[in-house]
1. For segment 287-302: of the residues being part of a strand (DSSP E or B) and of a type in the set (Gly, Ala, Ser), which is farthest from residue 217 (Cα to Cα)?
2. Looking at segment 228-268, which of its residues are in a helix (DSSP H, G or I) and either within 12 Å of residue 363 (Cβ to Cβ) or not assigned by TED's automatic domain parsing to the domain that holds residue 311 (or both)?
3. Of the residues 342, 401, 357, which single one is buried (at least 18 other Cβ atoms within 10 Å of the Cβ) and out of contact with any Phe, Trp or Tyr (no Cβ under 7 Å at 6 or more places or on another chain)?
4. Going by the conditions given, is residue 396 without any contact (Cβ under 8 Å) to a residue 12 or more places away in the chain and not in a loop (DSSP other than H, G, I, E, B)?
5. Scan segment 272-296 for residues that are within 17 Å of the chain's Cα centre (by Cα) and modelled with pLDDT of 95 or more and jot them down.
6. How many residues does segment 303-321 contain that are touching a residue at least 60 places away in the same chain (Cβ under 8 Å) and either assigned to a helix (DSSP H, G or I) or aliphatic (A, V, I, L, M) (or both)?
7. Applying the selection to segment 221-238, what residues are under 25 Å from the mean Cα position of the chain (by Cα) and within 12 Å of residue 300 (Cα to Cα)?
8. Being in contact with a Gly (Cβ under 7 Å, 6 or more places away or on another chain), over 26 Å from residue 89 (Cβ atoms) and either of a type outside the set (Asp, Glu) or free of Cβ contacts under 8 Å to residues at least 40 places away in the same chain (or both), is that true of even one residue in segment 16-35?
Amino acid sequence: MKGIGRKVLIFSEMFPKPKNSSSGVFVIERLRVLLRFGVEFDFAPVSTFDNLLIRLLKRLKGITPSAPIDIVQVEDKQFPVISISLRLKDRIGLLRQKTDSWVKYAERMAQTIERRKNMKEFGLFHAHRVFPEGYAAMLLSKKHDLPYLVTAHGGEIHSISNNNKTAVREVLEKAAKVIFVSKALMKDACEKLGYDKSNGIVIPNGVDTNVFKPIDREEARKKIGLPLDKKIVGFVGNLIEVKGAHRLPAIARELIDLRSDVFFIIVGDGPLMKLLREKMPTKNVHFAGRVEYELMPIVMNAIDVLVVPSRQEGLGTVILEARACGARVVGTNVGGIPEAVEDEGIIVQQSEDVERELARATINLLSNLCYSCSTNEFKKKWSWQSTVINEVDTYKQILKEYDPDD
């Protein structure tokens, strides 16, 4: 692929962390393909770190402070992490969703990036996530008279507080382009924020089908210690309410009541872990905790059905990963889940009985189990290469409109 003529500065807080190697993988996968395509870009991974007082308070509460991250490695390239120190007052303001705290944080992000990068090198800013990264991109755009685009991944739209709606809408409206990872997410932005979508396009996340591909299921189960004589149902994600983790005990109980040969595996960690350990059935359930991303293809090959009980979802990359490995999917009818599931599973409407309906849909798939495989059509539609080709075309379009003589 030919270059785009100008260098792009890409930045985000979302990238793999020591405690969560799956975090922001969808950003890193894009960068890998950009490197292979020879597109000229720089990446500014942004991270916050706690000052001495916050670290001391965490230790007093028995919380291990996060280890600082210095470098993000993508293929053979190393990108230094841009760290921003947060005081206790800053942290409290962000937790309380105070707009002025988030705006000040975005301002500090823009200023810190400016100090660490030579702005004269770039022709375009690309922020992954609308807020606060997109707000920082908007500030840099205004100061340096360069266009910016943002990719909306989900949480910054569907979980936005009322306090921050005006700021987020401003970022969307002033961007040269806004990329949404699903049609549903764009619709959500229109309905919640009054966004007119005139500069919006949909480019979904992808999946690496060279990594996520079918392997022998029995061998996969042996590698992670799962029973060979059970039907394996899995949940993969953060253990938070927006991901529907609070629904898992009711789903698991219904499943195990209906079929004694069901085994439930929960992959992930989060604030609901204690609740789940208390309320999940005591038999035929395994808590795997966070799993290194390199092991996720084995996990996806070990399960028969992936359950996605989310209350909101931008797209659901885990759905694509499961499908690429041949698993079927049951998910709620929210966000981009139906777009990712397509006809390789069952979509359940939100209702008071959603847990029971998810369980029954899972039983339906288990009773008529047939493993799908990644077809050429699937690979073409959902590959990271397709995603990045569309994003690079967007870069070219923006740069041409901004400087038609370039």
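The values are calculated or read from the model by the stated rules, or taken from the named source; none is laboratory data. Note that this is a predicted model, so its numbers are computed, not measured. Glycine gets a Cβ as well: all are built from the backbone with ideal geometry, and neighbour counts include every protein chain shown.
1. Within segment 287-302, the subset part of a strand (DSSP E or B) is 287-289.
Pick out the ones that are also of a type in the set (Gly, Ala, Ser) and you get 288-289.
On the way: 288: 18, 289: 21 Å.
In this case the residue turns out to be 289.
2. The initial filter retains those residues of segment 228-268 that are in a helix (DSSP H, G or I), namely 241-243, 245-258.
Answer for segment 228-268, where residues must be in a helix (DSSP H, G or I) and either within 12 Å of residue 363 (Cβ to Cβ) or not assigned by TED's automatic domain parsing to the domain that holds residue 311 (or both): 251, 254, 255, 256, 257, 258.
3. Values: 342 fails: buried (at least 18 other Cβ atoms within 10 Å of the Cβ); 401 fails: buried (at least 18 other Cβ atoms within 10 Å of the Cβ).
One residue alone meets the criteria, 357.
4. Working: without any contact (Cβ under 8 Å) to a residue 12 or more places away in the chain: no; not in a loop (DSSP other than H, G, I, E, B): yes.
No.
5. Step one: of segment 272-296, the residues within 17 Å of the chain's Cα centre (by Cα) are 290-294, 296.
Listed by number, the list holds a single entry, 296.
6. First pass over segment 303-321, keeping only residues touching a residue at least 60 places away in the same chain (Cβ under 8 Å): 303-315, 317-318, 320-321.
So of that shortlist, the ones also either assigned to a helix (DSSP H, G or I) or aliphatic (A, V, I, L, M) (or both) come out as 303, 305-308, 315, 317-318, 320-321.
Final tally of qualifying residues: 10.
7. At the first step, the residues of segment 221-238 found to be under 25 Å from the mean Cα position of the chain (by Cα) are 224, 232-238.
Passing the criteria: 224, 232, 233, 234, 235, 236.
8. Yes, the conditions are met somewhere in segment 16-35.
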